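Heads up, the thing below is written out as structure tokens.
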Amino acid sequence: MQLTTRSKVVSNKQLSFAERIYLPALLKGMFITLSHLFKKKVTILYPEVKREHAPVYRGQHVLKRDENGAERCTSCGMCAVACPAEAITMESGERKKGEEHLYREEKYAAKYEINMLRCIFCGLCEEACPKEAIFLTDRIVPTEFEREDFIYGKDKLVELVDKRVDVSKRQTPEVLAFKKLEGMRHNVLYTKKLTTKSESKS
Amino acid sequence: MSKKSSHIIPPSINSIEKEYSTLNLGPTHPATHGIFQNVLQMDGEIIHDAIPTIGYIHRAFEKLAERRPYAQITPLTDRLNYCSAPINNMGWHMTVEKLIKAEIPKRAEYMRVIIMELARIADHIICNTIIGQDTGATTGFLYLFQYREKIYDIFESICGARLTTNICRIGGFDKEWGKVTWDRIHQFVADFPKALDEFNNLLERNRIFMDRTINCGPITAEKALEYSFTGPNLRAAGVDYDVRVATPYSSYSDFEFIIPVGTSGDTYDRFMVRNEEMKQSLSIIKQALKNMPDGKTHADLPDFFLPPKEKVYSEMEALIYHFKIVMGETDIPKGEVYHSVEGGNGELGFYLISDGGRTPYRLHFRRPCFIYYQAYPEMIKGTMLSDAIITMSSMNVIAGELDA
């Protein structure tokens, strides 16, 4: 049945004489296999050598801190709403006096959990975050023996102050340029206050 | 019955009675490439009857989709035909775009075409090399699979994932592709024909392979149409139906390509049709790269496309829209649409009814493999068991599309 003028019959089931004596085809196949013997190996020896992930790879999450070391997350719940696998839960807390160096805003995530067994690493939480707080990274979630161990709390998710996770390659050039603008950062007044305080102390 | 006689088989009138033996092919059989169960009635080596079981992977996607905002349904479509996830993603995006009547810029459409054709090549690589694998030729499988990895590298550099891509957004691409991506695509287009030729040298005109696959699991065009086959399996039967030509979407009318058809719908035809389709896909990618228009990579859709992050961080208006879109609180028109794309295995359709709420009222996926699998018992009746294995792998039935 022909519906268009673009069709072309591609399968020819008639064997020619050369094809009927199948030895040439066998030799040809053998030749191809042998020629691959002398080519560069494409496999990598995994545990010793690791494949390089793309900078935008969607692996284990990180909760970012700002340049002063305070947690960025304000527990707005957007990541939990955006999550199609319903893997994220959180509880909010209110920042008390004297905790300004710990939490960036007045509200923060007192408890933040991602169930890595539910998570499908779609990256929608990262896209939903309005505070640059949650990012996926190119790290792979390690295996565990117990189901409970896959529920990652803040202890595993928040980056360490002295061991930051670089996510600048995931961000668009526009965002990076924006972040360099003086006076256009989040809570710029608050950051200024902090710096002036520390200056006056010293 | 007395205790003594229960141990004695009563002699029948015809002492050599014909009996069929029952064989469970699957659910987890290494040769079926997925969770398929077929309860076969075997007459020796010949299949007398087959009863397929559908529903081993039932994930209730259509029901799940009724409780998800539109953007969150994309990761569900990833898992339909997971061998060519980007086609599913983009089919879904185009369905929503049809509902909200969005105009997509040419550049975004061309970029989508490139991704969809790469995904088609990856899908066909899996199917064709596995036919080789099932007929006992592992060589081609090993060599051509390297190129599937390269396609996945391209996907990874665009969206960050290899298999379940969640690529693209409603309205277009979220960001411009980097230089690495373009380089990799150009490299792939340059390298792949050589590898494909090598693969064809191994199998295409090899008499052993031809003897094995010709007249194995055939289906006539009439029967295929009755079962509503689409895609390569219908084209192998000789009907040149291709959604890309019949109802062009995403600028497919701009590209020149031929529709390969077979003659009798057997395994060899399916193999050859897929082989030629890979070449055609490659030529489409080349045309798209050559004529790539300039412009924006996404449509101007403030109600659906997330505003750029730097604006979200600084402007009130953008932040409000950001919250509204993520929570799925933007207005969506009422109505029902059907949109279909040419998936790796055939017409992948999305039937969407919207009642104006934040989630679809009803969403139905037209899964091509679900249809093939229903024709499968009829195709394998009267054939040998080993032919049944090749027939299934040549139809490329993906278990992810069977959960209806």
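Would you be able to say whether some residue in region B:274-288 is closer than 27 Å to B:Asp134 by Cβ and within 8 Å of chain A (Cβ to nearest Cβ)?
yes
Would you mind telling me which numbered condition in (1) open to solvent by 20 Å² or more (accessible area, probe 1.4 Å); (2) closer than 21 Å to B:Arg162 by Cα; (3) within 14 Å of another protein chain (Cβ to nearest Cβ) A:Lys179 fails?
Looking at each condition in turn, A:Lys179 falls short on (2).
One line per residue, one yes/no per condition, for (1) under 21 Å from B:Met94 (Cα atoms); (2) in contact (Cβ under 8 Å) with a residue 24 or more places away in the chain:
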position: B:Leu301; (1), (2): yes, yes
position: B:Pro307; (1), (2): yes, no
position: B:Ala318; (1), (2): no, no
position: B:Glu329; (1), (2): yes, yes
position: B:Gly357; (1), (2): yes, yes
position: B:Pro360; (1), (2): yes, yes
position: B:Leu363; (1), (2): yes, yes
position: B:Lys381; (1), (2): no, yes
position: B:Ile390; (1), (2): no, yes
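Quick check on this structure: which one of A:Lys8, A:Lys13 is within 8 Å of chain B (Cβ to nearest Cβ), surrounded by 11 or more Cβ atoms within 10 Å (Cβ to Cβ), part of a loop (DSSP other than H, G, I, E, B) and of a type outside the set (A, V, I, L, M, F, W, C)?
A:Lys13
Taking the conditions exactly as written (more than 8 Å from every other protein chain (Cβ to nearest Cβ) and part of a strand (DSSP E or B)), does A:Val49 satisfy them or not?
Answer is no for this residue.
I'd like to know if region B:297-306 contains one or more residues that are within 10 Å of chain A (Cβ to nearest Cβ), open to solvent by less than 70 Å² (accessible area, probe 1.4 Å) and not in a strand (DSSP E or B).
Yes, that holds for at least one residue.
Inspect region B:360-383 for any residue being modelled with pLDDT of 90 or more, at positive phi, in contact with a helix residue (DSSP H, G or I) (Cβ under 6 Å, 6 or more places away or on another chain) and surrounded by 21 or more Cβ atoms within 10 Å (Cβ to Cβ) and give the result as yes or no.
Checking region B:360-383: not a single residue is modelled with pLDDT of 90 or more, at positive phi, in contact with a helix residue (DSSP H, G or I) (Cβ under 6 Å, 6 or more places away or on another chain) and surrounded by 21 or more Cβ atoms within 10 Å (Cβ to Cβ).
Could you check region B:46-61 and list, in sequence order, the residues that are within 14 Å of chain A (Cβ to nearest Cβ) and surrounded by 18 or more Cβ atoms within 10 Å (Cβ to Cβ)?
The answer is B:Phe61, and nothing else.
State whether one or more residues within region A:19-41 are more than 7 Å from every other protein chain (Cβ to nearest Cβ) and in contact with an Asp or Glu (Cβ under 7 Å, 6 or more places away or on another chain).
no
For region B:62-83, enumerate the residues that are open to solvent by 10 Å² or more (accessible area, probe 1.4 Å) and either in contact with an Asp or Glu (Cβ under 8 Å, 6 or more places away or on another chain) or β-branched (Val, Ile, Thr) (or both).
If the condition is that a residue be open to solvent by 10 Å² or more (accessible area, probe 1.4 Å) and either in contact with an Asp or Glu (Cβ under 8 Å, 6 or more places away or on another chain) or β-branched (Val, Ile, Thr) (or both), then B:Cys83 is the only one that fits.
Hey, which of the helices (runs of 4 or more DSSP H) in region B:177-253, taking only ones fully inside, have at least 2 residues that are buried (at least 19 other Cβ atoms within 10 Å of the Cβ) and within 9 Å of chain A (Cβ to nearest Cβ)? Give the derivation first.
Details: elements: B:179-203, B:207-213, B:221-226, B:231-236, B:243-246.
It comes to B:179-203, B:207-213, B:231-236.
Yes or no, residue by residue, for (1) within 14 Å of another protein chain (Cβ to nearest Cβ); (2) assigned to a loop (DSSP other than H, G, I, E, B); (3) among the small types (Gly, Ala, Ser); (4) open to solvent by 20 Å² or more (accessible area, probe 1.4 Å):
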{"position": "A:Ala85", "(1), (2), (3), (4)": "yes, yes, yes, no"}
{"position": "A:Leu117", "(1), (2), (3), (4)": "no, yes, no, yes"}
{"position": "A:Ile140", "(1), (2), (3), (4)": "yes, yes, no, yes"}
{"position": "A:Thr143", "(1), (2), (3), (4)": "no, yes, no, yes"}
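Go over the candidates A:Ala54, A:Ala80, A:Ala110 one by one and state the one that is within 12 Å of chain B (Cβ to nearest Cβ), surrounded by 11 or more Cβ atoms within 10 Å (Cβ to Cβ) and outside any loop (DSSP other than H, G, I, E, B).
Details: A:Ala54 fails: outside any loop (DSSP other than H, G, I, E, B); A:Ala110 fails: within 12 Å of chain B (Cβ to nearest Cβ).
The conditions single out A:Ala80.
Which of the residues that make up region B:309-352 are in a strand (DSSP E or B) and either within 30 Å of B:Met395 (Cβ to Cβ) or within 12 Å of chain A (Cβ to nearest Cβ) (or both)?
The initial filter retains those residues of region B:309-352 that are in a strand (DSSP E or B), namely B:335-342, B:347-352.
Across region B:309-352, the qualifying residues are B:Val337, B:Tyr338, B:His339, B:Ser340, B:Val341, B:Glu342, B:Glu347, B:Leu348, B:Gly349, B:Phe350, B:Tyr351, B:Leu352.
The conditions are (1) crowded, with 20+ Cβ neighbours inside 10 Å; (2) at pLDDT below 90; (3) within 12 Å of another protein chain (Cβ to nearest Cβ), and B:Thr135 fails exactly one of them. Which is it?
(3)
Go through (1) at pLDDT below 90; (2) among the charged types (D, E, K, R); (3) loosely packed, with under 13 Cβ neighbours inside 10 Å; (4) within 25 Å of B:Glu329 (Cβ to Cβ) and name the single condition A:Glu91 misses.
(1)
Given the criterion surrounded by fewer than 19 Cβ atoms within 10 Å (Cβ to Cβ) and assigned to a helix (DSSP H, G or I), identify the matching residue among B:Phe155, B:Phe145.
That would be B:Phe145, the only listed residue that is surrounded by fewer than 19 Cβ atoms within 10 Å (Cβ to Cβ) and assigned to a helix (DSSP H, G or I).
I'm trying to understand the selection: among the residues of region A:131-146, which are under 30 Å from B:Met316 (Cα atoms) and either modelled with pLDDT under 90 or among the aliphatic types (A, V, I, L, M) (or both)? Write out each step before concluding.
We begin by selecting, within region A:131-146, every residue under 30 Å from B:Met316 (Cα atoms); these are A:131-137.
Selection gives A:Lys131, A:Glu132, A:Ala133, A:Ile134, A:Leu136.
The values are calculated or read from the model by the stated rules, or taken from the named source; none is laboratory data. This is a predicted model, so every value here is computed, not measured. Neighbour counts run over all protein chains shown; Cβ positions are idealised from the backbone, glycine included. Each accessible area value is taken on the protein alone, full model and side chains, heavy atoms only, with ligands, DNA and RNA left out. Shrake-Rupley method; radii C 1.70, N 1.55, O 1.52, S 1.80 Å.
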